[in-house]
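These notes concern the structure reproduced below.
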Amino acid sequence: MKEVYTINDLVSRECLDAGHLKPAKLAVIGHPIAHSASPKMHQAALDAAEIDARYIRLDIEPGQVGEAFERMKSLGFIGCNVTVPHKLEAMEHCEVADGARALGAVNTICFDQDFTHGFNTDGPGFMNAIADDFGVALDTLRVAIVGAGGGAGQAIATQCAMLGVAQLVVVNRSFGKLGILVERLKFHGPETEVIALSFDDATLPDYCLSCDLIVNTSSVGLKSGDPSILPMGCLKKEHVVYDTIYQPPVTPLLAAANELGCRTSNGLSMLIHQGSLAFQHWFPGTNPLPVMRQAMGHFSRG
Ligand code: ATR
């Protein structure tokens, strides 16, 4: 049984499905992709709904996304998820839904007879994760996003602006990356007060303290030995703190927040919620969330 397929496997059903009872009809494309947990939760949901389909990992090289879509479509795939580094390239090869256009990236593809449709479930998935993990509506919070210059940070920041949060603080090491983002945030969230800061800005602690929700969207915390992305003076016990990293489950930022008594959660809930919304694009009317949660060993507060 293959753990990872490539574009060379997308040539015939015989090649793709040899030795399998169910046909490969869904996939996650990325590069690299061997680590992806998506098949685990999507296959559990497919099996629970008794859908005759397999969900596979596809390692697609940059520049081959359009070709991969064409091949999947002609093999009768239902759709796919798109992950790093293809979320921008995918936009050039599909009909981009308004929400995905606004968020600036595509992570979910649906194939039909004539078209390849592109959606983004990362932003809505984040919103649902916050509601689920903390029992609060994202649009009622003042939010600080740390590492906002990366792909995940830009999508989450834009989601917050589209929801009209009152205050949105975007922080990034490379301050220059925030310029275009701030313009986008002002366009999508005219009601939102947007503040862009670098880490050495003297006002960073005060702005963080004036927020309700702190979100780490940087890669700091992934590697062992990484420091907390924010100094202690930026946190208070009333903060709700979310780290989009889920491996390790407790990053140094979350450890510091837990120490203070903050309510915290990690990116596993966002992974599950974006997956559940993607599944519902492929299979409208289904409710895959409980099964996906169980498959990923995630337990909600409710
Ligand atoms: P992408 O999500 O687009 O792949 P990335 O390269 O993985 O982006 O980086 C994600 C975020 O982590 C960025 O905001 C990045 O900051 P820069 O824009 O300044 O590169 C942030 N990041 C990575 N390493 C960091 C570090 N050591 N300190 C602070 N921020 C860091």
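When 106, 143 are checked against the criterion of being outside the structural domain of residue 229 (by TED's automatic domain parsing) and within 16 Å of the ligand (Cβ to nearest atom), 106 stands alone in meeting it.
Selection of strands (runs of 3 or more DSSP E) fully inside segment 191-260 by the criterion of at least 3 residues being under 18 Å from the mean Cα position of the chain (by Cα) returns 213-216, 240-243. Which residue pairs have Cβ atoms under 8 Å apart, sit 6 or more places apart or on different chains, and have a first residue in segment 222-249 that is modelled with pLDDT of 95 or more and within 16 Å of the ligand (Cβ to nearest atom) and a second that is outside any loop (DSSP other than H, G, I, E, B) and open to solvent by 80 Å² or more (accessible area, probe 1.4 Å)? Listed pairs, sorted by first residue: none to list. Among the criteria (1) crowded, with 16+ Cβ neighbours inside 10 Å; (2) at positive phi, the one residue 205 does not fulfil is (2). Among the listed residues 40, 25, which satisfies the condition of being open to solvent by 10 Å² or more (accessible area, probe 1.4 Å), touching a residue at least 24 places away in the same chain (Cβ under 8 Å), within 19 Å of residue 275 (Cβ to Cβ) and part of a helix (DSSP H, G or I)? After applying the criteria, what remains is 40. Which condition does residue 15 not pass, out of (1) over 15 Å from residue 80 (Cα atoms); (2) assigned to a loop (DSSP other than H, G, I, E, B), if it passes all the others? All conditions are met except number (2).
Comparison of 155, 196 shows that the only residue that is surrounded by fewer than 22 Cβ atoms within 10 Å (Cβ to Cβ), over 19 Å from residue 237 (Cα atoms), at pLDDT 95 or above and within 15 Å of the ligand (Cβ to nearest atom) is 196.
A quick yes/no check of all residues on (1) closer than 24 Å to residue 159 by Cα; (2) free of Cβ contacts under 8 Å to residues at least 40 places away in the same chain; (3) surrounded by 18 or more Cβ atoms within 10 Å (Cβ to Cβ):
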residue: 254; (1), (2), (3): yes, yes, yes
residue: 265; (1), (2), (3): yes, no, yes
residue: 274; (1), (2), (3): yes, no, yes
residue: 287; (1), (2), (3): yes, yes, no
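One residue is enough: does segment 17-30 have a residue meeting the conditions modelled with pLDDT under 95 and either within 24 Å of the chain's Cα centre (by Cα) or over 22 Å from residue 94 (Cα atoms) (or both)? Scanning segment 17-30 turns up at least one residue that is modelled with pLDDT under 95 and either within 24 Å of the chain's Cα centre (by Cα) or over 22 Å from residue 94 (Cα atoms) (or both).
The values are calculated or read from the model by the stated rules, or taken from the named source; none is laboratory data. As the structure is a computational prediction, the values presented were derived from the model and not from experiment. Ideal geometry is used to build each Cβ from the backbone, glycine not excepted, and the neighbour counts take in all protein chains shown. Areas reflect the complete protein model, heavy atoms only, side chains present, ligands, DNA and RNA absent. Shrake-Rupley method; radii C 1.70, N 1.55, O 1.52, S 1.80 Å.
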